[in-house]
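Before any comments, here is the structure.
The values are calculated or read from the model by the stated rules, or taken from the named source; none is laboratory data. Because the structure is a prediction, the values reported are computed rather than measured. Please note: Cβ atoms are built from the backbone with ideal geometry, for glycine as well, and neighbour counts cover all protein chains shown. The area values use the complete protein model at the heavy-atom level, side chains included, leaving out ligands, DNA and RNA. Shrake-Rupley method; radii C 1.70, N 1.55, O 1.52, S 1.80 Å.
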Amino acid sequence: MSLTTGWRLLLFLLLMVAAVVGEVSKRPASTKALHCETGNHTCHQDAACVSTRKAYRCKCKPGFNGDGKVCKDEDECHQENGGCVHLCINTPGNFTCACNDGFTLGPDGKDCLDKNECFENKGGCSHQCVNSLGSFECKCSSGYSLDAVGKKCVFGEWCRIKHGCDHGCRTASTSNKVECYCRNGYFLHSDGKTCIRDCELGNGGCQHICNTTANGPVCTCAPRYILNPDGKTCTASCSVNNGGCERKCADSINGPVCSCPEGFKLHQDGRSCIDVDECEKKTDGCSHMCENIKGGFECVCPPGYKVSSDYKTCVDIDECIIEGACDHRCENLPGSFQCHCKQGYQLYGVTHCADVNECAVQNGGCAHMCNNSEGSYTCSCNPGLKLHPNKHDCIDVKQCISLVQQPNSILTCVPVGPKEQHCVMSCTENAFLINQDGVFNSTSVSFRCGPSTNYEWTNMEAGLPQCSTNILAPSFTKKARFVLIRDSCVVGPGEIEMMKQNLTDTFNTDKRYKCNNSCQVNFLDLLCGSRRKKFRQMVRRNRKQLVTAEFELQINPNKITENCDVDCRSKRTLKRFNRLLKKARQSVKRQKFPVRLENKDYKPIKKSFKSDKETDELCVEGTQLINKTCIGCTFGSFYDSKTKKCQVCPRGTYQDKEAQLLCKDCPNKETGSGIEGATALQQCNDLCEPGTYSASGQKPCLACPVGTYQPKYGRITCIPCGVGLRTKSIGNTGFQDCISKVTCQAGHHYNITTQTCSICPRGFYQSKPGQDFCYPCPGKTMTDFEGSVSPEDCKDRRCGQHMGDFFGVLESPNYPGNYPINIECVWKIQPQKRRRILIIIPKIELGDKDQCGDIIVMRKSKNSYTHSTFETCESRERPIAFTARSKKLWIQFKSNGNSTARGFSIPFVAYNEEYESLIEDIVRDGRLYSTYQHQQIFKDRQLLTALLEVIATPYNYLKYANVSHTMFPPSFFKLLTPKVRKFFQT
């Protein structure tokens, strides 16, 4: 595992669902015992039995404490009175709150609110009822006063007016004096007149707790409540039901203050939060489109783009980085991509390439016989004739083909008899004779052609030799490694690059290695740990870590001189290289090989330097290795970096220099113009143009006479229009210039024999009018109907599928092009034992939705009575993932003859059934597909491929360890993380 990516692994595992199984990737699946279902367990009667992946566990029910095998009732009233503000009543496994007289239980079941007794029959008062907190008081009309009970009004106010008593007066039992008294629930003040309410009546007017004092009740609040400024009522703090706030709550001296997170604003009720539409207010900052979601917004990109790591800016999707995006060559375009096929192949189905049968169109342009092959074709001639250098026309077999002098060469030819020629080729100064087998040992080569050689040139088995000035000895490379001891094995990519440069400088500047600036370190990678046991024992107890540095070292040769040719220089360079590696090994062993890393010098462990046995030869770009010699690509050719070989410049291009990586385009480049392997700009116009011809196929040329035409470059004859057909003038370039009785429309061709138009049969097309042929569809593709006018009508009717051991992809025929009409596909998925099927559908595009003619069905078997896992006849833009109801799956796709569409590409994976509950928990959560960002994850082929591979075989997570978490929206982490944690805690 690379140090620079190791820290991302756990995050990637947690994110990608399947990474969950990475912790137990090589553990065999266990068979879950049905202890809970059968009642075969030892859980207490007040405990719940919970099945786990291995067996079961017991968990006491809410309101009980214990280990699940023994559970005891929990007295909730013991802790903070159970949260009740008045009375807490414990019950088995639960508790209830109750309130004092004059109060009712609040909606939360814990707080107590005042009861307005005056609502019922005025509280029993004869005149007026005045409600108070926890109680009520009767009042009398003017001229009346309350009796001793406090409810009935009697005439007169003598006690209040004469003696100033609050409630009433009476004659004292010990004397004849009149004294004041108070009704029940009150006590007489020390002034003998005023009545003060005590805690027994209506809780003393306190909402929560009443404390009796000499001056009357003093109110306090239950825990986590705040006393209001009136000194009687209480307000819940933020610790009780979040203070009544929907989202955020903050305590203040006036009680809880509600607020809302970013993306919301406070409702006028002061408690609720309502969404802010950032898109409407233009505060989103999106580079393209904005879509409002609850609590925020998402930036939406047009097709072919995705949001960057700032989640606001849209950047182009490089579809070409996906392996297999195109069969041949992929060209990324802004917001799209374009597939291109190699010469001899034709594009179909947007991304696929198939062989073109050139021989089916005007005999491939061959004068006699045409032979089609995969990606190409060849012409051949009748007996007595041989192919012209243009490879299409035929000439007399008793004719020598003229040799063409090559750059940097001297070609001398002399006649040596009737129709016999002798030529000698040599190179100019500082150039060497070469061919495809390597460098010649001689400085010249001779050729002969005539009757004695059957008119074929001798010494041409490997082609006409070239003269090159670009001959070099190869460089040598070898991989090596050493081991360091550090506090940590985590190193950033920038530090690794600096260490690589430091190693290069060490080899080039230290005189012991004798590199003299001819050495370089091509790559360096740092790995945690070491394979060698004796090194691991060195850090077992000291909390240090081993770091293995693997690198590739290259040594470049000195220039070739008169005294030391290629072979001499190669041997000397290799000898220097082996001596260098030996010195490095000795330096490490003697602790004299300092390694600079993160501004600190380290000494590799003694005897830890090892190099591979194999030494590779390497040539600089523009040259290819032939027989241990680096030879530059000659004039008229270029270096292909993919094949690492020299290739001839195709027609329409040229190259007038050696060791080049590309050919130059000819001015006004036309398909088929110019000679193959052109070495100069002048050769771009050597060939006869369409509508002309000459005996050699090269200029000067003659115009095709009346009644003939020529559509190709470099031909020696013209093609007749046919019996009874003529042209208006000379120099015609195609059959459309021939005057026929009728002009055939596109999708048809002119039949010269019947002189009528014939429709192009199925499997053929013609996009232009006035032609005498139809193009064949490439490979095994077929058109839906006769008379096709476009190559896009050619469709592959084979049902697409890519099946692996644990995952695969099902595709509609011709995907991602439109599927054919009247097609039926059937697939069967039957995974290995103890594996279940997960289906992911990124997108479906179907045609005949009105009549439901195109349909895809997924169920257990072809029996229509089995339950369907999925069925649709409509297009679906929104992705979906689901698990199959059965352990095997039968999938059918059918199309009718009404319309067509792009179809589908449906990946699936067979995952370990031990993780079925986790997978189902995730795919059934609607939030997985609810946002644009989440949907794009399922439509990203790169991420989806990684997801499937890791789900199927968890140890493959190392392959995708460099996938950064920044590629995924934070909401994706937020959704998956708790599900994964919950699964492993079960």
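Of note:
- The set of residues from the range 64-76 being under 47 Å from the mean Cα position of the chain (by Cα) and either surrounded by fewer than 17 Cβ atoms within 10 Å (Cβ to Cβ) or modelled with pLDDT under 90 (or both) comprises just one member, ASP67.
- Scope the range 318-362; condition part of a loop (DSSP other than H, G, I, E, B) and open to solvent by 50 Å² or more (accessible area, probe 1.4 Å); matching residues: ASP318, GLU323, GLY324, ASP327, HIS328, PRO334, LYS342, GLN343, VAL350, ASN357
- Qualifying positions in the range 900-927 - acidic (Asp, Glu), in a helix (DSSP H, G or I) and either within 16 Å of PRO978 (Cβ to Cβ) or in contact with a Gly (Cβ under 7 Å, 6 or more places away or on another chain) (or both): GLU920, ASP921
- Of all residues in the range 397-420 being among the polar types (S, T, N, Q) and open to solvent by less than 40 Å² (accessible area, probe 1.4 Å), the one that is modelled with the lowest pLDDT: GLN406
- Selected residue [surrounded by 14 or more Cβ atoms within 10 Å (Cβ to Cβ), within 30 Å of ASN371 (Cα to Cα) and without any contact (Cβ under 8 Å) to a residue 60 or more places away in the chain] from CYS423, CYS427, CYS394: CYS394
- With respect to (1) over 23 Å from GLY205 (Cβ atoms); (2) open to solvent by less than 80 Å² (accessible area, probe 1.4 Å); (3) in a loop (DSSP other than H, G, I, E, B), the lone exception for THR96 is condition (3).
- Only residues that are part of a loop (DSSP other than H, G, I, E, B) and in contact (Cβ under 8 Å) with a residue 12 or more places away in the chain were counted in the range 137-174, giving 15.
- Residue tally, condition among the charged types (D, E, K, R), in contact with a strand residue (DSSP E or B) (Cβ under 7 Å, 6 or more places away or on another chain) and free of Cβ contacts under 8 Å to residues at least 40 places away in the same chain, over the range 281-294: 2
- Selection status of ASP940, open to solvent by 30 Å² or more (accessible area, probe 1.4 Å), at pLDDT below 85 and under 28 Å from GLU323 (Cα atoms): yes
- Subset of the range 28-42 [at pLDDT 80 or above, exposed (fewer than 15 other Cβ atoms within 10 Å of the Cβ) and part of a loop (DSSP other than H, G, I, E, B)]: GLY39, ASN40, THR42
- Checked against the criterion of being at pLDDT 90 or above and over 28 Å from SER239 (Cβ atoms), the candidates ASN131, ASN121, ASN90 yield just one match: ASN131.
- Subset of the range 627-640 [open to solvent by less than 70 Å² (accessible area, probe 1.4 Å) and either aromatic (Phe, Trp, Tyr) or modelled with pLDDT under 90 (or both)]: PHE635, PHE638, TYR639
- Any chance LYS828 is surrounded by fewer than 20 Cβ atoms within 10 Å (Cβ to Cβ) and not in a strand (DSSP E or B): no
- Selection of the range 647-700 for residues being acidic (Asp, Glu), more than 49 Å from the chain's Cα centre (by Cα) and open to solvent by 80 Å² or more (accessible area, probe 1.4 Å) yields only GLU689.
- Enumeration of residues in the range 683-742 that are closer than 16 Å to CYS366 by Cα, touching a helix residue (DSSP H, G or I) at 6+ places or on another chain (Cβ under 7 Å) and outside any loop (DSSP other than H, G, I, E, B): TYR709
- Any hit, the range 611-618, residues being more than 28 Å from ASP565 (Cα to Cα), open to solvent by 50 Å² or more (accessible area, probe 1.4 Å) and not in a loop (DSSP other than H, G, I, E, B): no
- Applying the criterion of being within 18 Å of ALA354 (Cβ to Cβ) and among the charged types (D, E, K, R) to the residues of the range 790-805, the residue that is surrounded by the fewest Cβ atoms within 10 Å (Cβ to Cβ) is ARG798.
- The range 43-88: number of residues that are on the phi < 0 side of the Ramachandran plot and not in a loop (DSSP other than H, G, I, E, B): 20
- Pairs, first farther than 20 Å from ASP612 by Cα and modelled with pLDDT under 95 in the range 539-557, second in a strand (DSSP E or B) and open to solvent by 40 Å² or more (accessible area, probe 1.4 Å), C-beta under 7 Å, six or more apart: VAL539/ILE485; VAL539/GLN545; LYS544/ILE485; GLN545/CYS528; LEU546/ILE485
- Subset of the range 465-521 (residues that are open to solvent by 50 Å² or more (accessible area, probe 1.4 Å) and either among the aromatic types (Phe, Trp, Tyr) or farther than 26 Å from PRO557 by Cβ (or both)): ILE485, ASP487, VAL490, PRO493, GLU495, GLU497, MET498
- One residue alone among LYS592, LYS559 is basic (Lys, Arg), within 22 Å of LYS511 (Cα to Cα), in contact with a Leu (Cβ under 9 Å, 6 or more places away or on another chain) and assigned to a loop (DSSP other than H, G, I, E, B), and that residue is LYS559.
- Of the criteria (1) open to solvent by 80 Å² or more (accessible area, probe 1.4 Å); (2) over 30 Å from LEU87 (Cα atoms); (3) touching a strand residue (DSSP E or B) at 6+ places or on another chain (Cβ under 7 Å), which one ASP275 fails: (1)
- Within the range 186-199, the set of residues being in a loop (DSSP other than H, G, I, E, B) and at pLDDT 85 or above comprises HIS189, ASP191, GLY192, LYS193, THR194, ASP198, CYS199.
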